[in-house]
Amino acid sequence: MSKLVKKVFFDNDAKNTAEAIEFLAAQAVELGISDDKDAVLAAFNEREAQGPTGMTGGFALPHAKSAAIKEPAIVVVKFADVVEWESMDSSAIKAAIAIYMPEGDAATTHLAVLAQVAALLMRPDFCDLVHASDDAEEITAAIEEGTAE
């Protein structure tokens, strides 16, 4: 699989899940992942309605699967302040690792990437690196290494 991480954003000013997901949908178009912000937003919101994607340790793992998404991609957003986002451990969300997946992609690809990123979030060294780093290349390398096939 080609390079998944498309961009790392720092100091995003989202205050809640809706603002964060709106930003992620807009970035899909800005980064060339999709041409249809509304379809990507609907896909993120549909997944969020199934159950919140806030994980543990200050991370959210929103993911969207849509025919409007042209290629598998990951976007990382570090927030300027904590974001109101329901999470598994009730921790305040400080970063989101968003996964974008084309509808036509094999379900196994989607689940594999999701499982790989979730596994990274269980590693304290990875979580500490993402929370502490202000270096997009360092964060990208850590995710690419953890999602290499």
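Laboratory data are not the source of any read-out in this text; all were calculated from the coordinates shown. It should be emphasised that the depicted structure is a prediction, and the values quoted were computed from it without experimental measurement. Counting neighbours? That spans all protein chains shown, and the Cβs are built from the backbone with ideal geometry, glycine included.
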In terms of modelled amide H atoms, which long-range or inter-chain residues lie less than 5 Å from the amide H of N12? K78, F79, A80
Scan the chain and hand back the longest stretch that contains none of the trypsin sites (Lys or Arg not before Pro) lying in DSSP loops with at most 16 other Cβ atoms within 10 Å. 71-149
A chain fully extended from A92 to A148 at 0.36 nm per residue, minus the present Cα-Cα distance, gains in nm 17.3 nm
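Using only the Cα atoms of the range 20-62, build the gyration tensor, take square roots of its eigenvalues as a ≥ b ≥ c, and label the shape rounded, prolate or oblate: rounded if a/c is under 1.5, else prolate if a/b is larger than b/c, else oblate.
The shape class here is oblate.
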Do any chymotrypsin sites (Phe, Trp or Tyr not before Pro) in the range 35-137 lie in a loop, going by DSSP, with at most 10 other beta-carbon atoms within 10 Å of their beta carbon, and if so which? none
For the range 5-147, diffusion coefficient by Stokes-Einstein and Kirkwood Rh (Cα), 25 °C, 0.890 mPa s, µm²/s: 166
Please arrange H131, H110, H63 by counting, for each residue, the other beta carbons lying within 10 Å of its beta carbon, fewest first. H131, H110, H63
